[in-house]
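The values are calculated or read from the model by the stated rules, or taken from the named source; none is laboratory data. Owing to the predicted nature of the structure, the values given are computational and were not obtained by experimental measurement. When we count neighbours, we look across all protein chains shown, and the Cβ atoms used for this are built from the backbone with ideal geometry, even at glycine. Calculation scope for accessible area: heavy atoms of the full protein, side chains included, ligands and nucleic acids excluded. Shrake-Rupley method; radii C 1.70, N 1.55, O 1.52, S 1.80 Å.
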Amino acid sequence: MILQIPNVLTVEQTVECRRLLESSAWIDGNATAGHQSRRAKHNLQLAENDPFAREIGSLIVGVLQENPLFVSAALPLKVFPPLFNRYEGGQNFGTHVDNAIRRSRVTGDQIRTDLSATLFFSDPDEYDGGELVIEDTFGVQQIKLTAGSMILYPASSLHHVTPVTGGTRLASFFWIQSMIRDDGCRSILFDMDTAIQRLAAADPLHTSVVQLTGVYHNLLRRWAEV
Ligand code: NI
């Protein structure tokens with residue numbers, strides 16, 4: 001499942017984060033690259049223990065925990081402390097797959113990367129190129145979202161970032177370990193939750209709302225790892 005989550009951050013939060021990011025100390029992005037992606041990766045990043053990175057990262061994780069669309073779609077167990085990247089002057093990230101297991105240098109915690117997320121901090125009209133291109137079973141998806149919005153996609157997919165030929169592209173990227181490891185099972189639960197919410201809104205007293213909610217939780221009980 002590839003899902004856009006609009007307005008994860010408010011305009012005010014996005015502006016404040018941008019101010020911090022623009023005054024931060026950027027380093028070579030290969031500091032966090034895996035063996036296979038090192039040759040493909042050409043960008044800048046904030047160090048994992050950078051104080052601004054940790055401040056903005058905590059904000060992102062906090063708002064996501066309160067975001068109903070994110071919680072319903074990701075069913076998160078653990079969220080990796082968000083990382084930050086910057087592309088300009090033709091920088092790009094060639095086709096790669098994200099490492100299956102990642103250990104945070106900040107918390108020492110290890111997670112399985114079920115879902116990848118990119119939260120944009122630059123608006124599409126501020127830079128040329130810089131599309132996040134995801135190879136999905138439905139075909140190739142080209143993603144470029146407004147600042148403050150986020151894309152969630154299977155970490156198992158091949159993906160790349162096209163060269164940024166003008167302007168600067170700022171973004172946060174991180175991973176989620178879901179309570180539901182299998183993307184197909186997670187998609188079923190998301191579809192079901194969405195349908196129950198719609199039914200409950202249209203007809204709150206419909207007896208099927210309770211029964212379907214029971215089925216949802218029984219599937220979750222059957223499939224979830226916590
Ligand atoms: Ni990646």
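Here are a few things to note about the model shown:
Here is a yes/no grid of residues against (1) touching a helix residue (DSSP H, G or I) at 6+ places or on another chain (Cβ under 8 Å); (2) on the phi < 0 side of the Ramachandran plot:
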residue	(1), (2)
59	yes, yes
65	yes, yes
72	yes, yes
104	no, yes
111	no, yes
118	no, yes
129	no, no
143	no, yes
153	no, yes
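- Subset of the range 214-226 (residues that are within 11 Å of residue 189 (Cα to Cα) and of a type in the set (Val, Ile, Thr)): 215
- Exactly one residue out of 113, 146 is under 22 Å from residue 31 (Cβ atoms) and in contact (Cβ under 8 Å) with a residue 60 or more places away in the chain, and it is 113.
- Filter result for the condition that a residue is outside any strand (DSSP E or B), in the same structural domain as residue 148 (by TED's automatic domain parsing) and under 20 Å from residue 133 (Cβ atoms), over 37, 58: 37
- Which listed residue, of 30, 43, is within 16 Å of the ligand (Cβ to nearest atom), more than 17 Å from residue 178 (Cα to Cα) and open to solvent by 30 Å² or more (accessible area, probe 1.4 Å): 30
- For residue 133: the one exception among (1) free of Cβ contacts under 8 Å to residues at least 60 places away in the same chain; (2) within 16 Å of the chain's Cα centre (by Cα); (3) in a helix (DSSP H, G or I): (3)
- Conditions (1) touching a Gly at 6+ places or on another chain (Cβ under 8 Å); (2) in a loop (DSSP other than H, G, I, E, B); number of the one not met by residue 205: (1)
- Extreme residue, nearest to the ligand (Cβ to nearest atom), among residues of the range 82-91 that are assigned to a strand (DSSP E or B) and open to solvent by 40 Å² or more (accessible area, probe 1.4 Å): 86
- Qualifying positions in the range 110-130 - surrounded by 13 or more Cβ atoms within 10 Å (Cβ to Cβ) and more than 15 Å from the chain's Cα centre (by Cα): 122, 123, 124, 126, 127, 128, 129, 130
- Checking residue 129 against (1) within 20 Å of residue 8 (Cα to Cα); (2) away from the ligand (no atom under 16 Å from the Cβ); (3) touching a Ser or Thr at 6+ places or on another chain (Cβ under 6 Å), the condition it does not meet: (1)
- Only residues that are among the small types (Gly, Ala, Ser) and over 27 Å from residue 111 (Cβ atoms) were counted across the range 170-226, and they come to 6.
- Residue among 103, 112 that alone is away from the ligand (no atom under 16 Å from the Cβ) and within 22 Å of residue 181 (Cα to Cα): 103
- Within the range 114-152, the set of residues being farther than 18 Å from residue 19 by Cα and of a type in the set (S, T, N, Q) comprises 116, 118, 137, 141, 142.
- When residue 147 is tested against the conditions (1) crowded, with 18+ Cβ neighbours inside 10 Å; (2) in the same structural domain as residue 14 (by TED's automatic domain parsing); (3) closer than 29 Å to residue 103 by Cβ, the lone failure is (3).
- Test: residue 79 is surrounded by fewer than 18 Cβ atoms within 10 Å (Cβ to Cβ), within 20 Å of residue 180 (Cβ to Cβ), in the same structural domain as residue 135 (by TED's automatic domain parsing) and of a type outside the set (Asp, Glu): no
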